[in-house]
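First the structure, in the form of structure tokens, and then the observations on it.
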Amino acid sequence: ESTINKIAAGEVIERPASVVKELIENSVDAHASEVRVEIGGYGTKSILVVDNGVGMSHTDASLAFKKHATSKINTIEDLDRILTMGFRGEALASIASVAKVELVTRQEDSIGGTKVVVDGSGIRNISSAGTAVGTSILVNDLFYSTPARKKYLKSARTELSHIIDVVSRNSLAHSDVSFTLVIDGKVSLRSPSSAKMLDSIVHLYGADVARSLVPLEYESDLLTISGYISKPELTRSGKDLQVFFINGRSIFSNQISNAVRLGYYTLLPKGRYPAAFLNFIIDPVNVDVNVHPAKREVRLSHEKEIEAMVISAVEDALGRGSL
Ligand code: ADP
Ligand code: MG
């Protein structure tokens, strides 16, 4: 069975924020230290992502939009050690199938760059182009060919809040990368580069949230956890203040969310959630990132042990370990 068939394929691009997520993950994979995102309309008009990463060669650029073109995995064994954000080689192909895309890229050691124009009916043009080292991808008229999909989008406000959420989560996950988000010409978010996680939390969620947090550090032979959780006073009716990362990937996990909650025992009112910003480092062998098309959810091995570790990490952080 081919590697590709073992990878659960699926719909990757649901909304403008999905495009932003895939493009900035590619920039992070390309070792960019600066990523600039510019949104026109609410992403349906234009999404531009510019990075100063390693760029692509002329050949790679002309292949990047082919389905299952990935430079990141070669064998089925690689699937067990995924550390890059991307690996399916699906994102650019999916985006180009529902939008009009222009890619401009250059590697450091090449004199000229490459420009690729592509849309739902395939590659339109490949040419040479002068440009800075790195990659810029412009996505115009998202869902122009799939009006039904476009109708499913929520209000501009909702779509923009998804975009802001994606950029915020990524800037927390990659504190060594400076992200700038510009919406209709106005800077909406600028993450300081090489900021500490707490500085980024202040920046993104405000000083009041940051003040209610206590640090959490935990280490075992299975994993390390570092980050912040809130004192029991700060609770939310939803999970909007829960941000989890596994090996640098922002994920949603009911498993982790429940374990965190259990660590508070009876300290939380019913139906309320604490804030939690937690970074997990786990041997990739124990993390299956292949369960959700957008790689948003993961499945962990050693579920029970990990749950117990999260609970005791939370107890320690709240100073309840010795109670
Ligand atoms: P994946 O990230 O799963 O490999 P994508 O469709 O997102 O697949 O990207 C296809 C390929 O294009 C990547 O493997 C990478 O080689 C290249 N690529 C995409 N974006 C960038 C970027 N910003 N900088 C450098 N290379 C990129
Ligand atoms: Mg990718």
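The values are calculated or read from the model by the stated rules, or taken from the named source; none is laboratory data. None of these values were measured; they are calculated from a predicted model. All Cβ positions, even for glycine, are placed from backbone atoms using ideal geometry, and neighbour counts span all protein chains on display.
Residue by residue through the range 277-286, note down the ones that are crowded, with 20+ Cβ neighbours inside 10 Å and touching a residue at least 60 places away in the same chain (Cβ under 8 Å). Walk me through how you get there before you give the answer.
Going residue by residue through the range 277-286, those that are crowded, with 20+ Cβ neighbours inside 10 Å are 277-280.
Answer for the range 277-286, where residues must be crowded, with 20+ Cβ neighbours inside 10 Å and touching a residue at least 60 places away in the same chain (Cβ under 8 Å): PHE277, LEU278, ASN279.
Out of VAL182, VAL177, VAL118, I need the residue that is modelled with pLDDT of 90 or more, surrounded by fewer than 17 Cβ atoms within 10 Å (Cβ to Cβ) and not assigned by TED's automatic domain parsing to the domain that holds GLY248. Which one? Walk me through how you get there before you give the answer.
On the way: VAL177 fails: surrounded by fewer than 17 Cβ atoms within 10 Å (Cβ to Cβ); VAL118 fails: surrounded by fewer than 17 Cβ atoms within 10 Å (Cβ to Cβ).
Going through VAL182, VAL177, VAL118 in turn, just one is modelled with pLDDT of 90 or more, surrounded by fewer than 17 Cβ atoms within 10 Å (Cβ to Cβ) and not assigned by TED's automatic domain parsing to the domain that holds GLY248: VAL182.
Checking TYR218 against (1) aromatic (Phe, Trp, Tyr); (2) closer than 28 Å to VAL35 by Cα; (3) out of contact with any Phe, Trp or Tyr (no Cβ under 8 Å at 6 or more places or on another chain), which single condition isn't satisfied?
Unmet condition: (2).
Here are the criteria: (1) touching a strand residue (DSSP E or B) at 6+ places or on another chain (Cβ under 8 Å); (2) crowded, with 17+ Cβ neighbours inside 10 Å; (3) not hydroxyl-bearing (Ser, Thr, Tyr). Tell me which single one GLN107 does not satisfy.
If we test GLN107 against (1) touching a strand residue (DSSP E or B) at 6+ places or on another chain (Cβ under 8 Å); (2) crowded, with 17+ Cβ neighbours inside 10 Å; (3) not hydroxyl-bearing (Ser, Thr, Tyr), just (1) comes out false.
Within the range 204-250, can you find the residues that are of a type in the set (Val, Ile, Thr) and either modelled with pLDDT of 90 or more or under 15 Å from ILE282 (Cβ atoms) (or both)?
Taking the range 204-250 as the starting set, the residues that turn out to be of a type in the set (Val, Ile, Thr) are 209, 214, 224-225, 229, 235, 243, 246.
Across the range 204-250, the qualifying residues are VAL209, VAL214, THR224, ILE225, ILE229, VAL243, ILE246.
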